[in-house]
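Undergrad: Handing you a structure now.
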Amino acid sequence: YVKDDNSYVPSDMYHVSRPKVQSLSIGGVDASKYVIRTEKYPSILSRRAATDLSNFFVTEGGIVVPVENDQKTTTNEILVGLTERSGISSETFKSESLDWVNGYDHEQYNVFFKDGKLFIEAGSDYATVYAVNVFVDYINSNKTFAVDTVISGTYSKGNDIVNGYSYNVNQ
């Protein structure tokens, strides 16, 4: 607007600068229609993972996806951690006794879509945070998470989870 010494910016000018945002969808639905839910009484790490996920949607999609505790059910939800809807199945890690019988590794995680919900579940808080990071990388690259997509893996001690921090045991 100002090209030389005689130029000026009008006082009634209103200009908004917005960074370019991407369209993000989950299960074929725009991500702006979702709510992120944590356990009813989440750990600090689980809550942090949900907040980081919400912040990702703001910075990359220009949308606000609120974070709420698991106290009600809505149509489009991203369930972070073991919420009330997790239940015991081959896809979830709800029962420690069942996990023990099956020799379950508490560092495993799964990200999957089921019954209109995106589940980000893991056997530990560290693995949950790591799973959220993996999901963010996936949706940032693909711009969508289809209903038939499944991301599974294992959190390894020493992998970054939050701002360069990781769970590591000195041996």
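Undergrad: Calculate the spin-label point distance for Met13 paired with His106, positioning each point 7 Å from the Cα along the beta-carbon direction, and give it in nanometres.
TA: A separation of 6.0 nm, rounded to one decimal place.
Undergrad: Taking a probe of 1.4 angstrom, what is the accessible area of Tyr126 in Å², to the nearest 10?
TA: That residue has around 70 Å² of solvent-accessible surface.
Undergrad: Then there is this: From the cross-link list Lys40/Lys114; Lys33/Lys143; Lys114/Lys157, which pairs have alpha carbons spaced over 23 Å apart?
TA: Violating the 23 Å Cα-Cα cut-off are Lys114/Lys157.
Undergrad: Multiply the residue separation of Thr51 and Thr154 by 0.36 nm, subtract the distance between their alpha-carbon atoms, and state the gained length in nm to one decimal.
TA: Answer, rounded to one decimal: 34.9 nm.
The values are calculated or read from the model by the stated rules, or taken from the named source; none is laboratory data. The shown structure was predicted, so the numbers you read here are calculated from the model rather than taken from an experiment. Methodologically, a virtual Cβ is constructed for each residue, glycine included, from the backbone with ideal geometry; neighbour enumeration extends over all protein chains shown. All accessible areas refer to the heavy atoms of the entire protein, side chains included, with ligands and DNA or RNA removed. Shrake-Rupley method; radii C 1.70, N 1.55, O 1.52, S 1.80 Å.
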